[in-house]
Amino acid sequence: MSRMIPKIPVTVERPWQKELADCITDPSELLARLNLSAHENEADSAARELFAMRVPRPFVAKMVAGDWHDPLFRQVYTQSAEFLQEPGFSHDPLDEQDNITPGILHKYQSRALLIVRGGCAINCRYCFRRHFPYGDNHLNKRDWMVALQHIRSDNNINEVILSGGDPLMAKDDFLAWLCDQISEIPHIRRLRIHTRLPVVIPSRVCEDLLAWINSLNLPLVMVLHINHANEIDPLLATRLQQLKRAGVTLLNQAVLLKGVNDSADALEALSERLFAAGVLPYYLHMLDKVQGAQHFDVSDERARELMAEIIRRLPGFLVPRLVREIAGQPGKTPVDLLLHP
Ligand SMILES: *Cc1c(COP(=O)(O)O)cnc(C)c1O
Ligand code: SF4
């Protein structure tokens, strides 16, 4: 007598810690899950040595099986093109590796950025931090007191940004402690969190997280990182609604990526889907010129064409600002349509 073993439905949510511990790290497994045949997989797989593969399963569940061009798959799949060396693409395009003092990056006058946790739940192949020495940045509580003292002693800082890696990789009791400390500093008006974690593991928006957010004494802005409309599924939409109900202002930053979202249709759909989920588009970043990500690069000219098209199609509040990060500049640099016709 034989019995069918039921497959676990992918829509069942598991605690985020479980998802983190059970990411897909082997390119062959990812291909198998998506019914893609691994015929030329060896050369692509080798790119794991450059930057590990790491893909949470709830993110894989949003990919379309059988499609090599799936826009979510392309963001995480290792490719032999990562070995290409191209002039102008460096290991540290933003020049951050030298000027980092433990835990804090204070490049912009009014905003200080805290590197809460080095790692991420997902490894995006285009990431400008793919060569970042995270291991060197592990902080203990004493280091945190020093970083907090830096913020306390500088009246120009009115906003603290929790970043990483991904700050939501940290445990909620630590985040609650840190945010409490920050909220007691009189010149701090808001707190911001830059995260991709809820997008790739929606159950990260758990009761503990909502509890400390609800008890927070500062306005909270959460900047998500979503590059394609398909990343917003009903599970994520539900979690975003919970954040909204807790009073969080939700914004999105995307990176303009060849083969992922470099069409007016894709950008329009992203803005519309974000709005429907209660999120406003904030930035559309030009790719940082990091070694190994050349195949994602979109030219300035093409980027401006795309912007001109979505400005025609969308209301102003659904048009993100096209920006580039330039080392040493006092803020993000707009890639302006008028200055460069
Ligand atoms: C992007 C960034 C910020 C925030 O800049 P906004 O333009 O306010 O979003 C702050 N610090 C660093 C180091 C950054 O890279
Ligand atoms: S989530 Fe952001 S920081 Fe982390 S790997 Fe992706 S792009 Fe890089």
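The values are calculated or read from the model by the stated rules, or taken from the named source; none is laboratory data. In this text the structure is predicted, and so the values were computed from the model without any measurement. Cβ atoms come from the backbone with ideal geometry, glycine included; neighbour counts cover every protein chain shown. Quick note on the areas: whole protein, heavy atoms, side chains included, nothing else; ligands and nucleic acids left out. Shrake-Rupley method; radii C 1.70, N 1.55, O 1.52, S 1.80 Å.
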Normalised Cα Rg of the stretch 101-220, dividing by 2.2 N^0.38 Å with N its residue count, works out at 1.03
Rounded to the nearest 10 Å², the 1.4 Å probe accessible area of Tyr282 is 60 Å²
Note on the stretch 214-279: contact order normalised by length, alpha-carbon pairs under 8 Å, 6 or more apart, percent, works out to 47 percent
Output ordering of 238-249, 72-83, 190-201 (per-residue mean of other Cβ within 10 Å, highest first) is 190-201, 72-83, 238-249
Cα convex hull volume per residue for the stretch 235-295, in Å³, equals 104 Å³
Set Lys244/Lys289; Lys258/Lys332; Lys18/Lys62, cut-off 26 Å on Cα-Cα distance; pairs above it are Lys244/Lys289
For the chain, the dipole about the Cα centre with charges only on Cβ (Lys and Arg +1, Asp and Glu -1), to the nearest 20 debye, works out at 960 debye
Taking the square root of 5λ for each eigenvalue of the C-alpha gyration tensor of the stretch 184-271, the equivalent ellipsoid has semi-axes, largest first and in whole angstrom, of 27, 16, 10
Once all protein chains are kept in place, Ser153 shows an accessible area at probe 1.4 Å, nearest 10 Å², of 90 Å²
For the chain, the accessible surface attributable to carbon and sulfur atoms (probe 1.4 angstrom, ligands and nucleic acids excluded) amounts in percent to 52 percent
Highest mean packing first, using Cβ neighbours within 10 angstrom, the peptides 271-278, 225-232, 48-55 sort as 225-232, 271-278, 48-55
Listed by chain and number, the aspartates and glutamates with an alpha carbon less than 12 angstrom from that of Lys171, same-chain partners under 8 positions apart left out, are Asp208
In Å², rounded to a whole number, the accessible area per residue of the chain with probe 1.4 Å is 48 Å²
Using alpha carbon centers only, the stretch 23-96 is separated from the stretch 121-191 by a whole-angstrom value of 28 Å
Bridge orientation stat for the chain from DSSP, antiparallel percent rounded to 5, came to 20 percent
With the 8 Å Cα cutoff and a minimum separation of six or more residues, the chain has a relative contact order in percent of 17 percent
For the chain, one quarter of the surface area of the C-alpha convex hull, expressed in nm², comes to 19.4 nm²
Going residue by residue through the stretch 230-237, the Karplus relation 6.51 cos²θ - 1.76 cosθ + 1.60 with θ = phi - 60° gives ³J(HN,Hα) values, rounded to whole Hz and with x marking Gly or Pro, of 5, 6, 9, 9, x, 4, 5, 4
